[in-house]
Structures are given as C-alpha cells and as structure tokens.
Amino acid sequence: MDGFTHAEDRWTVAGRSFASRLIVGTGKYKDLPTTAAAIAASGAEIVTVAVRRVNLADRNAPMLQDFVSPTQYTYLPNTAGCFTADDAVRTLRLAREAGGWNLVKLEVLGPPPTLYPDMQGTFEAAAALIKDGFEVMVYCSDDPIAAKRLEDMGCVAIMPLGAPIGSGLGVQNPLMIRQIIENAQVPVLVDAGVGTATDAAFAMELGCDAVLVNSAIAHAADPVLMARAMQAGVAAGRLAYRAGRMARSTAANPSSPTNGLIR
Amino acid sequence: MSATIDLIRLSVNGESMDIPAATTLAALLAWLELDTRKVAIERNREIVPRSTYATTILAPGDALEIVHFIGGG
C-alpha cells in the first residue's frame, strides 16, 4: 500500500476492476528503460500501446514488451494514426491477435493542428468494432450529446479530451466534462490535455473515474518524478471528489470563532 | 541460391521480397528472425492465427503485414 490507493475505491471498466485511476501512455519517451521506470513509478495498471509494422531493417531493436510486460500491465491497444473505420478495425484485429485482448482504445483523429476527434469517423469505427466483439474505450470530443450516443452504442468508457493531444494545457472545458460525467453510466476519463499533477487532480475532482496521461510524464524533465506526481495528483483529486468540496462563497468567512475574544 | 529453385514475390510490410516457392509463414518468420509470440500477421487483409503459421503456405503476390506493439498514447 503506497498511501494513495484505496482497495475499497476501485473502478471497473468492461467487468475488469482496477485500483489505479491513472492510465499511462507508453509513447514519446527517450528510450524504453525510461518508459519502464516511469510507468512503474506511476502505479498504473493499464498502459496504452500502439500497433505498428515491425521494422524489418532493424528487427533486433528492443521491443516494448521486453520492458513493459503485458503480463504485468493491461495493454490497451490504440488506433492512433487511423483515419477511417476500416483502418481502426484492421489495426485492432491485429492487436487482438498479438495480445489476445478485446479491451481497446478507439481514437479517430482529424488533421493537425488540432488533431481533434473526428466524431463521424469515431462513430463509424465504434459501430464496426462493437459488432466485431471489441470492448471499446473511446476518445471523443467534449460533446455531451456525442458522448451519450457513444455510450448508447455500447462503448465501455467515454474519454473526452481536456485539451488538444500533447498540448499540456489542462482541462479547458470543465463544464462539458462535468456534463458528460453526470450523463454517463459508464466510466468517464479525461484522455488528453493533462500537463501537470494539478490538471490530473482537477479532472478527478470533476468526478472522472480515471485520467489518461502520456506526454505530461514522457516530456517532463524527470519522467519518473512526474509519474509519481501524477499518481499523487489523481489520488488527491479522487479523495477530494469523494470528500465533497465546501460551497463557494463570494464573501469571506473567518475560520476562527468570533466569540470569546478578549476585551 | 540455386537457379533451379523457383522464387515467388511477396510484399512484406510494403517491401517487395523474393522467397522460395512453397515457403511456409513459419519458415519466413524464422528466416526474418522474428519472435512469433510478439507479432501479429495479416495476409491479404485477413488475420493469420498464430496456430496456423506452420501450415500457411505463401503464394505469389501475397501481401503481408507484420506488426507489433510499440509505445503509444
């Protein structure tokens, strides 16, 4: 027990239960040993991974699985780089064959500079994947209507962005994230935009079930330390959400009693 | 390689490759020195189950995609 996780406060997605509410990406690190060290420090149980062609010109290059064991972590394959439903389905069928999992992260992105979720493509891909037996955690826009539609289609988790991917701008849209959470019967995760630990805590205080972080850890000056910070931020935000924050007031209200003052 | 061996041309991850006719997928992977436990393969856009690599005989014009997991967000 590290003091941050609560055995009694687990969350469940697609029938699988997890203690850590921090999901971490495995991309953008300077090397695989740093990836492994940061992920271990984060306490995450789920890691996102991409599916790519083996480099036949350099096939002795170290592989992710040798550093981040799929027996130790739940691999969540993503569809990064897919722009059509067909590409997403092909990619995740390959991932299922490589790893044997049905639990996947769907993302269909629009073009730079926003890389904003392409919701038309996302709906098409989600429908095709669900039909093919996948359990789809879906990256989506901060649109409560779209989020509800994805849930109604059968997606097992809704993952709106807090800010553009890799921007580190924090949760720019707390009102819509909150709306999505209030409408959802499945887990809601902020999946992009977290820049530092306060952003993760803030997302959890809104009531997210978990947070997904990659760049903020991988691009920190010390990724291992930032991984610990994210773990603490997620845990603090979750505790604060459960505790229920005090009411906001525009007027000051002294913390010490006003009676019994000496005269 | 003897001139009497027939070669067939495949596409592997988008690159042309000439291999002896009647090569199995398992033999190709062994020649490529790939760990079959860490890859997944699509042949002509259909998944090839790992259990059938040894019995899958490659044919001229086959397009293979050999993928693995890498870091991603």
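Rounded, prolate or oblate: which fits the protein assembly as shown when a ≥ b ≥ c are the square roots of the eigenvalues of the alpha-carbon gyration tensor, with rounded for a/c under 1.5 and prolate only if a/b beats b/c?
prolate
To the nearest 10 Å², what's residue A:28's accessible area with a 1.4 Å probe?
Spelled out: residue A:28, probe radius 1.4 Å, area about 110 Å².
Compare the peptides A:197-207, A:170-180 by average per-residue count of other Cβ atoms within 10 angstrom and give them in order, highest first.
Order by mean packing, descending: A:197-207, A:170-180.
Can you bin segment A:134-186 into rounded, prolate or oblate? Criterion: square roots of the alpha carbon gyration tensor eigenvalues sorted a ≥ b ≥ c, rounded for a/c under 1.5, prolate for a/b above b/c, oblate for the rest.
oblate
How large, in percent, is the carbon and sulfur part of the accessible surface of the protein assembly as shown at a probe radius of 1.4 Å?
Looking at the protein assembly as shown in its full context, I get 54 percent from C and S.
For peptide A:54-61, what's the mean number of Cβ atoms from other chains within 10 Å of each residue's Cβ?
Average per residue, whole number: 5.
Once you list every other residue whose beta carbon is under 13 Å from the beta carbon of residue A:84, what net charge do they have if Lys and Arg are +1 and Asp and Glu are -1?
-4
With a 1.4 Å probe and all protein chains left in place, how much accessible area per residue does chain A have, in Å²?
Solvent-accessible surface per residue comes out at 46 Å².
Which of the aspartates and glutamates could a cross-linker span from residue A:148 if the Cα-Cα distance has to be under 12 Å and same-chain partners fewer than 8 positions apart are dropped?
Leaving aside aspartates and glutamates fewer than 8 places away in the same chain, those within reach of residue A:148 are A:182.
For segment A:220-261 and segment A:47-67, what is the separation of their Cα centres, given in Å?
41
Full-extension gain between residue A:183 and residue A:219, please, as 0.36 nm times their residue separation minus the C-alpha to C-alpha distance.
Contour length minus the Cα-Cα distance gives 9.6 nm.
Can you work out the Karplus-derived ³J(HN,Hα) for every residue in segment A:25-42? Use 6.51 cos²θ - 1.76 cosθ + 1.60 with θ = phi - 60°, whole Hz, and x for glycine or proline.
Each residue's phi maps through the Karplus curve to give x, 10, x, 6, 6, 5, 7, 5, x, 5, 3, 5, 5, 5, 5, 4, 5, 6 Hz.
With +1 on the Cβ of every Lys and Arg and -1 on the Cβ of every Asp and Glu, and nothing else charged, how large is the dipole of segment A:83-209 about its Cα centre, in debye rounded to the nearest 20?
Charge dipole, segment A:83-209, about its Cα centre: 140 debye, nearest 20.
With unit charges on the beta carbon (Lys/Arg positive, Asp/Glu negative), name the residue among A:85, B:7, A:201 whose Cα is farthest towards the positive pole of the charge dipole of the protein assembly as shown.
The residue sitting farthest along the positive end of the dipole is A:201.
Run through the DSSP bridge list for the protein assembly as shown and note the antiparallel percent, rounded to the nearest 5.
Given both bridge residues lie in the protein assembly as shown, the antiparallel proportion sits at roughly 50 percent.
Counting partner chain Cβ atoms within 10 Å of every residue's Cβ in A:91-98, what's the average?
Counting other chains' Cβ atoms within 10 Å and averaging over A:91-98 gives 5.
Counting alpha carbon pairs within less than 8 Å and at least 6 residues apart, what relative contact order, in whole percent, applies to segment A:185-263?
Computed value for segment A:185-263: 31 percent relative contact order.
Per residue, what accessible area does chain B have, given a 1.4 Å probe and all protein chains present, in Å²?
Ligands and nucleic acids excluded, the figure is 52 Å² per residue.
Decide, for segment A:1-127, between rounded, prolate and oblate: order the square roots of the alpha carbon gyration tensor eigenvalues as a ≥ b ≥ c, take rounded if a/c falls under 1.5, and otherwise choose prolate if a/b is larger than b/c, else oblate.
Because a/c hits 1.5 or more and a/b fails to exceed b/c, segment A:1-127 counts as oblate.
Quick one: dipole size for segment A:6-149, taken about the Cα centre, charges +1 on Lys/Arg Cβ and -1 on Asp/Glu Cβ, in debye to the nearest 20.
160
The values are calculated or read from the model by the stated rules, or taken from the named source; none is laboratory data. Because the structure is a prediction, the values reported are computed rather than measured. All Cβ positions, glycine included, derive from the backbone under ideal geometry; neighbour counts span all protein chains shown. The accessibility values were calculated without ligands, DNA or RNA, using every heavy atom of the protein model including side chains. Shrake-Rupley method; radii C 1.70, N 1.55, O 1.52, S 1.80 Å.
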